[in-house]
Structure formats: structure tokens, C-alpha cells
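S.K.: Have a look at the structure that comes next, please.
The values are calculated or read from the model by the stated rules, or taken from the named source; none is laboratory data. Here the structure is a predicted model, which means the values were calculated and not measured. In this analysis, Cβ positions are derived from the backbone assuming ideal geometry, glycine residues included, and neighbour counts consider all displayed protein chains. Remember, those area values only see protein heavy atoms, side chains included, never the ligands or the DNA or RNA. Shrake-Rupley method; radii C 1.70, N 1.55, O 1.52, S 1.80 Å.
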Amino acid sequence: MATPRATQRAPASEKPQHNHIPSHSLSKSLNNGPSNLHSAPPRSSKERTSSSRRSVTPNSRTLSNNNNNDEDSGRVRVAVRIRPRNAEDLILDADFADFVELQPELKRLKLRKNNWSSESYRFDEVFTETASQRRVYEVVAKPVVESVLDGYNGTVMAYGQTGTGKTYTVGRLGKEDASERGIMVRALEDVIACTSLTSDSVEVSYVQLYMESIQDLFTPAKINIPIYEDSKTGEVSLPGATVVKVRDLDHFLELLQVGEANRHAANTKLNTESSRSHAILMVYVRRSIQENVNEITSQRQDTRTDLLGSSIPMVRKSKLLIVDLAGSERIDKSGSEGALLEEAKFINLSLTSLGKCINALAENSPHIPTRDSKLTRLLRDSFGGSARTSLIVTIGPSARHHAETTSTIMFGQRAMKIVNMVKLKEEYDYESLCRKLETQVDQLTAEIERQQKVQENDKNELEKQLRGCRNSYDKEKNNLVTQVEHLTAEIERQQKLRENDKYEYEKQCRECQDCYDEARKNLASRCELLEKENAQLDLEMKDFLSELNRQKDHNNLMHDKVSQLETSLKHSKQHQLENSTYQKVLADTTQMYEKKISELMKQLDIECARSESAEEHLDVMKKLVNDHEKTIKMYEKKTAELIRQLDIECARSESTGEQLNIMKKGMDDHQKSIKQYEVENSTYQKALADTTQLYEKKIAELNKKLEDEHACFEGAQEELDLTKKLLNDYQNSEQGQNEIDELRVKLPEMYQLHESTVNELQSLKSECKNLLEEKEKLSEEIQGARQRLLVEEKQRKALEYELVKLKKTAPENEDDFEDKKPYAKDYISKGSSGAVTPIGLHRSNPSRDMQSGQRATIAKICDEVGLPKILQLLTSEDPDVQIHAVKVVANLAAEDINQEKIVEEGGLDALLLLLRSSQNTTILRVASGAIANLAMNEMNQGLIMSRGGAQLLAKTAARTDDPQTLRMVAGALANLCGNEKLHVMLKEDGAIKALLEMVKCGNGDVIAQIARGLANFAKCESRGIFHGYKKGRSLLMDDGALQWLISNSNVNSASTRRHVELALCHLAQNEDNARDFITSGGAKELVRISVESSREDIRNLAKKTLKLSPKLQADVHA
């Protein structure tokens, strides 16, 4: 649990972990260190003696793959163990179902929340109540012990509620039965078996953390031992604790027995031998290994000394922590008083600090609060550090400790998320190596002294030669300087000429580019004109084609008319043939009549009488002949007209043919014009291509000129390089070599001086930068404060708009705010017995979808407007504003996550003020519902009672007749009745009396809440009677609650009847109430409940109550 996280880089003194140390690292460290063989002066015997006493240097390595190939090898391993049931559990949990379900084959554990739902948790191992001590050790602690023997730090820790078997699991001695030994004894047994007494050592310290004071269990006089933290490595140690070297297992058992005798323990209601301190066993293991190091090589010119095959002893030091934490406990359950109470406070405080560190590590928080407690400081390396850690959490099977068991399980779940960076800690023992090297160093120092004398003689000779060379060097240097000056002047002149030429070329290029752009624009404009003309010609072509199509249609019509005329001509010819036949018949008839007339004329004299008739007949025939002649003339006229029309149509067809010929000629002319345009376009394109080729040729010529100038520049550059090369050659000549060597010797000193000045400059720059950043931060903070003030002013102005928005979005129905969640809070353990289940004040009208939508709307309003502004609206003078605001607060109070915020922002005080001052029925009803929602939390219950909430609720019930308001008030009081610490205050404030007086309204929902409150009250009293911290007659007897319960035990409502039956059963468990039961007939009612109740658990509870009460049995049998 070290503050540096597992993902951070290791300290500078620690090397990356590998399977072996490279052979060149040691030689490198010796060559670069203060004991450099080339420059170190001879040391005296005193210095050699002090150097031989140097302490070994630690060398840490990360965990290699030799031990564990798993990806999560550094993760904290967590196992869970359940304690078997004891006699008290068998008695008290007889009416409850098992709420812990183990699945060891799946490494999973289930906690039953109620009769229909449960939560599942997965661990690295799950031990049943029959698991042996040996198996627990092999699974939890043995891998850690093996890692400690390999050179890694390790921690084994037990965590859980008091009385769940932590000390049994960890610190059991097992004198009579070896199979009962705990983790401490078995771990030391394995460590001693795997170490050698000659080359290895095993040492132990045993301390306890009692009331934030570290005490030595081997030497009890040592108290308040300080904690020391290494500033370089971050390791935590206790230099004041007694360290004992362990000889064998019997010796360790004696030491452990002494330590256990000095440890603080006490008798509580939960455990007869409850540990009152955290015990920590520290085991220090030191093992020797061998590694070959072939290094330490020094060089100087032609002299070389090699030290090969040196064997350096390696030492692995590791530490094993076995921690037996004191159990977490609740004061009301453990019954701690006086000194035990103070001890419990310190225990819970240190465990809370440990939990905070575990939460921060599991959530990857940047800050780990390890300094909040000495326990977290001691366990700094165990969580988030470099140790391999195994945690065993112990739980109990009793449903009475559901909250403690759940907290322990969640602690283990969070610990599983922590990953440590396991490191191998090895140390070199340089003492033996130094003894071997000191003799060699003495020889080398003598050789160095001899060589120094030779070097001094050579140096004098070189100085003489150097003085002679300097004069010649200065002359040559002056000559070279003059040559370089002439060359630089020539280069500058050529550069100016090139710049001028470049300027001229650029000017010509710009002019060419301008000409090219103008030609391009002209061509583009000509192309646009041609395109427009082509488009116009296309339109004309389309018009001509449409006209041709129209003429074609007209010709088709004319052909149709001609065909019709031909058919009419054929008909006329047929009529002419018919007329000719009529004429022939007429001629024949006339001849026949003439013959008859002649005959009649001859017979006229004879037949005078017939002459008149013959004349008449003749007249008729003449008329017929005239008619036929008229028809023939008419047909002739028609044929003449048809012939005339045919001539006209022929003339028209000839004119249309001429028009067609004209259109064909126009099309031919149009095609010729198109071809002419195409020829012109081709000429334009050829001209454009010629111009582009011309410009490209000009650009190529310019590029060629530029390349020639560049070649000239490169020639000048080569000449300059040649002169520089000549200068370098002269500098590297044999005459100047000695001076260069001397300059090279001085160069490192100058470089070091330069580095120091650069570092100082950088530090000053960083300080200046920090000051500037602080100045900017202050200015930003001032600007931010100004902006916040402006934003607050805008928000104040927008408050009226937010109020309108609240009126629109808040539920209009006055009952929509209610019952988003059940008000009732059951503080009794859940099971199948007669425990009171939480009964809400649900209504069946709004559906779940509507409720979820309203919750989302309210949450959105809260996020946008802000809870403080909504609470400010509760004090508004406008009743509508108050109604909408209190509805929003009631909906928010229905969610557990919002209740703490509402109380912190003063929402509870505002709601109580509304109950005290408001006369509006809607406000009273909604405010009572909001207080009922807040009363589901135990901490809020105490705040409500301390601020006179029960009195206000009682007064509200007395001054209203609205059933819905009474239902809310009854629900709030029923939730308060579930807290046994508040019973006396509820009695004194008149809450019980007000609860019973609300029966007069006769509403079924109100009566159901009254029954639930009495059931909660009676259940808490029976629990107190059972545990022995409550005596005397029930507080409900004085207000007539028993008579009301007996009279309403047969109501129609199933939930009301169930709560009434439970209340009677719990009240009857108190022997001091037996007299009241006998006088009021309650014993007979219990008998009826044991037989006729619809629930089996209530029937069993009634039978059990009758069986345990001799007075009630006597009354029943009598």
C-alpha cells in the first residue's frame, strides 16, 4: 500500500529485474566510480581499513517468469472463509433462511438480499466451514512463503468482523493437535525447513498496534515504537522492535506463546476472547547465493590489467508480514463500554483508514492516504507496493450481521483490483571482493607512480618541442588566415553576382508568366465564346428537328386525307355506274310506255274510260324521271368539288416537299458551319500548343542557366573545403599533436564546468518559469472569480425562467411525486420468519415507465438548475412555487443517492419549516412524503428526531383530515418506529399517540401504515428483550395499542392483517406484557393466529411465542 503506485518507475537505486546481473555492470561501476584506477591517488592503510567496512549495496529486481507466468502475478490474491455456526447462531437464526450460499467449485459466493434476489461475488478461493487449516495455508499463504524464500517480500493478512475466526486462522498454536496450527506456525515451519543454519538466517519481530501505539510483544516495556521510512527506497521499518533469531520450530512456538500472552484481548458480546489490537509478525529471511562476475577492466594506453573469474557472494533479503487484524465491530452489538469502547474506536478508525487506501488503490486514485493511520504506514508495501500479498477475509453465517458481512465481502472485492509490482531484492557483499582488489590496487598505484615519473620526463621534452612548434604554427596560422579572408571576399562577391543574376531571371520568369497568363485568359475567353455559339447552334438544330417532325406529322395527315378522297372517288364511280343502269332502264321503260301508248291510242276509242288513268300514271312516271335527273346533277357537282379538293391537296403536298428541301439545305449549311468552327478550334489549339512549347523552352533555358550558376557555386565551395582541409591537416600534423593532447586533457574539465553552469542556468530558468506559472494561475483564479460572479448574477436573473420551466416539467398531478420508492426501512434481519418486510405507500395508477420518465425529468432539472436553488424556492412567498419545489424535492428524496445531498444543503430543515408554518394541504402532504423518504436512512432518522420532526408530524396529523396527508405522516412515523434508539423520544413527543389517533379517519392506506409502524416498534422491543439490554413493560401498552391490535386482527387487507399479527407475536414475547394479554384476551388471539394465519412463518412464530411463555400457556389451558 505504498504511495508510489505499481505503475510508477522504480527508485534510482533499484535496477530493473532480470534473471542475472550482466558481467560488465560491476566493471563499469568501478571504472566510473570514485575508485577509478587511472586517476585515484594511493590510499593509506587507514582508508583501506575504512573501505573494507562498507555495508552491502541493495540491488532490487522485478519479478521474473521463474515463479509465476500469470499475467496478474502481482495482483492481491483474496480468499474467503466462513465460520461454522455456533450455539447462539443456531438459536437466533432458527427462523431465518441461510443468506450466505457458497459455491466453492465456481470460486463464488452469493449473499441473499431477500427471498427473491441475491448478489454473487467471485474470489480466488472460497473455503467452506469444513475447510481444514492445512488447506487454507496451502492455498492462501504457501505461495507467498515460497516467494519470500526466493527473495521477494510477502504479506499474509486476515480481515473480517470480530468473532469470525481471524486469530484461529492466522495465530492458532495447535499444541495439542498439530492439524489445528494456523498460518504463522506453518509458515515458519516451511521457512525453517528450507533454510540452512550455517549460511542463512531467520529472524522474527512480533508487535501489536494498540490504540494507535506500536508495542513490542516480546518486550512489553517497549511501547510507542516509532516508524522509520527510508527516503531513498521508501521501505518501512521498526528499528526499536526486538528482533530474535529463530533456532528451530520449538523456539518459535515459545516466542509466539510469549507474544500471544502479551497481546490485548477482552470479552465482548460477540466474542469471548476478542482481540483488541492488530498483531503483526515480521519474519526476516537472509539467504546466500553465488553468481560469477567477470568484470573490472582498466585501460591506459598500452597498459592493461584484467581481473577475471571473480566470484561475488550474493545475498537475498526478504521480509514476510503475517497480519492478524482486530475485528471490526458495532458498538450496539458488541456492548463495548469504557475502555473497551475507546479500543473499539481506535480499531474502527485504523480499519477505516485501511479501507480508504484500498478504495483509492482500486480506483487508481492519484493520492493514497497512507499517513492517516500507523496501520496503513506499516502495510505500505503490502498494497500497491513491491510485496506479494494474500488476503483472507472471514465472515459469519448469521443473517443478523448482514451489513458487516457485506462490508467485508466488498473490502475483499476492492482488494482484488490492486496490482503490486513485485521486486526481487538482492545485495552484493563487497567486503570479500574489496579484500581481493585492495592488493591489486596497491600494485597498480605503484605502477602508476612509476609511469607518472616517466610521463613528467616526457612532458618536459614535449614542452621544449612544443615551444619550437608554436612559432612555426603561428606563422602558418597567419598565412592561412589571410588566405581564408581573400577566399571569403571572393565568395561574397560571387554570391552577390549570383543574387543579381537570380533577380534578373526571376524578373524574366515573372514577365513570361504574365504573358502566359494573358494568353491563357484570351484562349479561355475564345473557348467560352465558341462554347456559347455551339450551344446556340444546338438549340437551332433542336428547333429545326422539331419543325421537321411537325411537317412530317402534317404530311401524314395529308396522306390520310388523300386516301379518304380516293375512297370517295371510288364511291362516286359506283354511283355513276348505277346512274347509267338507271338511264338504260328509263329508256327501256319509255319505249315500253310508248308502245303501250300507241296501243292505248289505238284502243282509245275503245277504252275511253281507261285513258284518264293512263294519263295520270304517265304524269307520275314523269315526276320520277325528273327526280332521277336531279340526283344525277347533284352527284356530278359533288364529284367536281372532290376533284377540286384533290387538286388543292396535291398543291399543298408539293409546297411541303419544297419546304422539306429548303430545311435539308439549311441542315447542310449548319453542318458546314460546325465543321468550320471545328477547324478554327483546331487552329486555336495549335497556337496554344506552340505558345506553351515556347514558354517551356524559355523555362528550360532559365533552369539551365541556374544549374550553371549552381555548378560555379559548388566549385567555389569545393575550393573553400579544400582550404579548410589543408588547415585541418596542418592542425593534425605531428608538430601540433602534443598541444592537442594537452587541450584534450583540459577539455573534460571545461566540459564539467560548462555542465555545472548549464545546470544552474536551467534551475534558475525553472524557478523563473514556476514564478511565472504561479502568477498566471493567480491571474486566472482572479479572472475565474470575476467570471463566477458574473455567472451567478446571470443565474439570479434567470431564476424566474427556471421557475417557469419547473412549473412546466414538474408533474401536475399532486400524487405523482409520491411513492417512487417504498418509505419503509426494515432494520431487522431479512429471512423467512416474521420479519417486517418494507411496505411502501405505492399507488397502482402511474406505470413504471411513467415513473422512470418522471425520475429522469426531475434528475435533469436538478442537474440544470442545481439543488441549492431548488431548496431556496421552498422559502418562496408564492404558494405555487412552493408546491412545485417541494414536489421536486420529494421525488429526489425517493432516491438514496440524493438523500445525503438534500440533508447537507439544508433540505431537511426547509421541509420541517414548511410543516411548521404552512397551511396549504398540498404542501403539507408532499413535505410529509419527502420526510418519509428521508426517514428511510438511519442517520437521517436521528436528525429528524433531534430537530423536533416527530412533534411536527404529530401536530400535522392533528390539524388535518386529508387521508393522503395522514398516509404520508403515518408512513414517516412508521419508518421512525423501526429504530429502537428513538422509541423513548417517540413516546415523549406524542408520536405513538398521534399514530393511534389517525385510526379515526378510517382510510385503509392510513391503517396499513399504522399497523406497519406498530409492527416495527414491537419487533425492535422484542429484539432488545432477547439480547438483554431492554426490560420492562412495552411502551405501546399505555396508549391502548394492544386493544386496537386485537380488534383489528381480522381486517380484510392482507398486508394490514399480517403486520397486526406480527405486532401481537412480538409484544407477547415480553413476559412483562403477559398480564395485559391475559386481561384483554390477547392469548386467545395468539392461539387463533397460530392456527388460522395465512402465513406459515407467522403461525410458527405464534406457536413459538406461546410455547416460551408459561403465563400465556396457563391462561390458554385454563
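S.K.: Of the conditions (1) surrounded by 15 or more Cβ atoms within 10 Å (Cβ to Cβ); (2) without any contact (Cβ under 8 Å) to a residue 24 or more places away in the chain; (3) out of contact with any strand residue (DSSP E or B) (no Cβ under 9 Å at 6 or more places or on another chain), D250 fails just one. Which one is it?
M.R.: Failing condition for D250: (1).
S.K.: I would also like to ask the following. For V1060, which of the numbered conditions (1) out of contact with any Leu (no Cβ under 7 Å at 6 or more places or on another chain); (2) closer than 19 Å to N979 by Cα fails to hold?
M.R.: The single condition V1060 does not satisfy is (1).
S.K.: What do you reckon, is L976 buried (at least 20 other Cβ atoms within 10 Å of the Cβ) and of a type in the set (A, V, I, L, M)?
M.R.: So L976 passes the test.
S.K.: Starting from region 332-355, take each residue that is farther than 17 Å from L209 by Cβ and list its partners that are in a helix (DSSP H, G or I) and open to solvent by less than 10 Å² (accessible area, probe 1.4 Å), counting only C-beta distances under 6 angstrom and pairs at least six apart or across chains.
M.R.: Listed by first residue and then by second, the contacts come to S336/A344.
S.K.: Hand me the list of helices (runs of 4 or more DSSP H) wholly inside region 897-984 holding 3 or more residues that are closer than 17 Å to A885 by Cβ.
M.R.: Numbers: elements: 907-917, 921-934, 938-946, 949-958, 963-977.
Helices (runs of 4 or more DSSP H) meeting the threshold: 907-917, 921-934.
S.K.: Another question about this same structure. Kindly evaluate D849 against the criterion of being out of contact with any Gly (no Cβ under 6 Å at 6 or more places or on another chain), more than 30 Å from A954 (Cβ to Cβ), acidic (D, E) and modelled with pLDDT under 85. Walk me through it before giving the result.
M.R.: Values: out of contact with any Gly (no Cβ under 6 Å at 6 or more places or on another chain): yes; more than 30 Å from A954 (Cβ to Cβ): yes; acidic (D, E): yes; modelled with pLDDT under 85: yes.
Against the criterion (out of contact with any Gly (no Cβ under 6 Å at 6 or more places or on another chain), more than 30 Å from A954 (Cβ to Cβ), acidic (D, E) and modelled with pLDDT under 85), D849 qualifies.
S.K.: A further question follows. Considering every residue within region 984-994, establish whether at least one is surrounded by fewer than 21 Cβ atoms within 10 Å (Cβ to Cβ), farther than 20 Å from E1092 by Cα and aliphatic (A, V, I, L, M).
M.R.: Yes, region 984-994 contains at least one residue that is surrounded by fewer than 21 Cβ atoms within 10 Å (Cβ to Cβ), farther than 20 Å from E1092 by Cα and aliphatic (A, V, I, L, M).
S.K.: Kindly check whether there is at least one residue in region 188-199 that is at pLDDT 90 or above, open to solvent by less than 10 Å² (accessible area, probe 1.4 Å) and more than 19 Å from K319 (Cβ to Cβ). Let's see the steps before the verdict.
M.R.: Step one: list which residues in region 188-199 are at pLDDT 90 or above, which gives 188-195.
With open to solvent by less than 10 Å² (accessible area, probe 1.4 Å) added as a condition, the list becomes 188, 191.
After this cut, where a residue has to be more than 19 Å from K319 (Cβ to Cβ) as well, the list is none.
Checking region 188-199: not a single residue is at pLDDT 90 or above, open to solvent by less than 10 Å² (accessible area, probe 1.4 Å) and more than 19 Å from K319 (Cβ to Cβ).
S.K.: Can you tell me which condition E203 does not meet? The list is (1) in contact with a Lys or Arg (Cβ under 8 Å, 6 or more places away or on another chain); (2) open to solvent by 50 Å² or more (accessible area, probe 1.4 Å); (3) more than 20 Å from V156 (Cα to Cα); (4) touching a residue at least 40 places away in the same chain (Cβ under 8 Å), and all the others hold.
M.R.: (3)
S.K.: Among the residues of region 1085-1100 satisfying the criterion of being of a type in the set (D, E, K, R) and out of contact with any helix residue (DSSP H, G or I) (no Cβ under 7 Å at 6 or more places or on another chain), which is least open to solvent (accessible area, probe 1.4 Å)? Step through it out loud before you land on a result.
M.R.: Keep residues of region 1085-1100 that are of a type in the set (D, E, K, R), which gives 1085, 1088, 1092, 1095-1097, 1099.
Restricting the remaining residues to those that are out of contact with any helix residue (DSSP H, G or I) (no Cβ under 7 Å at 6 or more places or on another chain) gives 1088, 1092, 1096-1097.
Details: R1088: 46, E1092: 121, E1096: 120, D1097: 25 Å².
Checked region 1085-1100; the qualifying residue least open to solvent (accessible area, probe 1.4 Å) is D1097.
S.K.: Having 2 or more residues that are on the phi < 0 side of the Ramachandran plot and open to solvent by less than 10 Å² (accessible area, probe 1.4 Å) is the bar; report the helices (runs of 4 or more DSSP H) wholly within region 326-385 that clear it. If you could, list the steps in order and put the result at the bottom.
M.R.: Numbers: elements: 331-334, 339-362, 374-378.
Once the helices (runs of 4 or more DSSP H) in region 326-385 are filtered for at least 2 residues that are on the phi < 0 side of the Ramachandran plot and open to solvent by less than 10 Å² (accessible area, probe 1.4 Å), what remains is 339-362, 374-378.
S.K.: Output the residues belonging to region 344-396 that are of a type in the set (S, T, Y) and under 19 Å from E125 (Cβ atoms). Break it down into steps so the answer makes sense when it comes.
M.R.: Step one: list which residues in region 344-396 are of a type in the set (S, T, Y), which gives 350, 352-353, 365, 370, 373, 376, 382, 386, 389-390, 394.
Residues satisfying the conditions are S382, T389, S390, T394.
S.K.: Can you pull out every residue in region 965-1003 that is at pLDDT 90 or above and among the polar types (S, T, N, Q)?
M.R.: Correct list: T965, N975.
S.K.: Taking the criterion of being more than 30 Å from D708 (Cα to Cα) and touching a His at 6+ places or on another chain (Cβ under 9 Å), would at least one residue in region 448-467 satisfy it?
M.R.: Initial filter on region 448-467 (more than 30 Å from D708 (Cα to Cα)): 448-467.
Applying the additional criterion that residues be touching a His at 6+ places or on another chain (Cβ under 9 Å) yields 448.
Taking every residue of region 448-467 in turn, at least one turns out to be more than 30 Å from D708 (Cα to Cα) and touching a His at 6+ places or on another chain (Cβ under 9 Å).
S.K.: Same structure, new question: Pull out all pairs, ordered by first then second residue, where Cβ-Cβ is under 8 Å, the residues are six or more apart or on different chains, the first lies in region 453-473 and is in contact (Cβ under 8 Å) with a residue 24 or more places away in the chain and under 16 Å from V745 (Cβ atoms), and the second is of a type outside the set (F, W, Y) and surrounded by 10 or more Cβ atoms within 10 Å (Cβ to Cβ).
M.R.: Between residues of region 453-473 that are in contact (Cβ under 8 Å) with a residue 24 or more places away in the chain and under 16 Å from V745 (Cβ atoms) and residues that are of a type outside the set (F, W, Y) and surrounded by 10 or more Cβ atoms within 10 Å (Cβ to Cβ), the close pairs are L462/N738; L466/N738; L466/E739.
S.K.: Right, here's the next one. Report, by residue number, each residue of region 221-244 that is within 15 Å of M282 (Cβ to Cβ) and more than 50 Å from the chain's Cα centre (by Cα). If you could, list the steps in order and put the result at the bottom.
M.R.: Residues of region 221-244 that are within 15 Å of M282 (Cβ to Cβ), as a first pass: 222, 225, 227-228, 235-244.
Answer for region 221-244, where residues must be within 15 Å of M282 (Cβ to Cβ) and more than 50 Å from the chain's Cα centre (by Cα): there is none.
S.K.: Hey, A94 hits all of (1) within 16 Å of I392 (Cβ to Cβ); (2) at pLDDT below 90; (3) of a type in the set (A, V, I, L, M) but one; which does it fall short on?
M.R.: Unmet condition: (1).
S.K.: Tell me, which residue of region 165-181 that is in contact with an Asp or Glu (Cβ under 9 Å, 6 or more places away or on another chain) and in contact (Cβ under 8 Å) with a residue 40 or more places away in the chain is farthest from V76 (Cα to Cα)?
M.R.: Applying the first criterion (in contact with an Asp or Glu (Cβ under 9 Å, 6 or more places away or on another chain)) to region 165-181 yields 166-174, 181.
Restricting the remaining residues to those that are in contact (Cβ under 8 Å) with a residue 40 or more places away in the chain gives 166-167, 169-171, 173-174, 181.
Working: K166: 18, T167: 21, T169: 19, V170: 18, G171: 21, L173: 26, G174: 28, R181: 24 Å.
Residue satisfying both the conditions and the ranking: G174.
S.K.: If you take the residues of region 145-170 that are of a type in the set (A, V, I, L, M) and more than 36 Å from the chain's Cα centre (by Cα), which of them is most open to solvent (accessible area, probe 1.4 Å)? So that I can check it myself, show each step before the final result.
M.R.: Narrowing region 145-170 to residues of a type in the set (A, V, I, L, M): 145, 148-149, 156-158, 170.
Narrowing further to those that are more than 36 Å from the chain's Cα centre (by Cα): 145, 148-149, 170.
On the way: V145: 3, V148: 1, L149: 19, V170: 2 Å².
Step by step, filter region 145-170, then rank; the result is L149.
The rows are residues; the columns are (1) part of a helix (DSSP H, G or I); (2) in contact with a Ser or Thr (Cβ under 8 Å, 6 or more places away or on another chain); (3) over 30 Å from E701 (Cα atoms); (4) free of Cβ contacts under 8 Å to residues at least 40 places away in the same chain.
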site: C512; (1), (2), (3), (4): yes, no, no, no
site: N534; (1), (2), (3), (4): yes, no, yes, no
site: E547; (1), (2), (3), (4): yes, no, yes, no
site: L557; (1), (2), (3), (4): yes, no, yes, yes
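S.K.: Can you report the number of residues in region 475-501 which are open to solvent by less than 90 Å² (accessible area, probe 1.4 Å), at pLDDT 85 or above and among the acidic types (D, E)?
M.R.: 1
S.K.: Follow-up question, since we're still on this one. Return only the number of the condition from (1) open to solvent by 70 Å² or more (accessible area, probe 1.4 Å); (2) at pLDDT 80 or above; (3) out of contact with any Asp or Glu (no Cβ under 8 Å at 6 or more places or on another chain); (4) under 24 Å from S199 (Cβ atoms) that R286 does not satisfy.
M.R.: (3)
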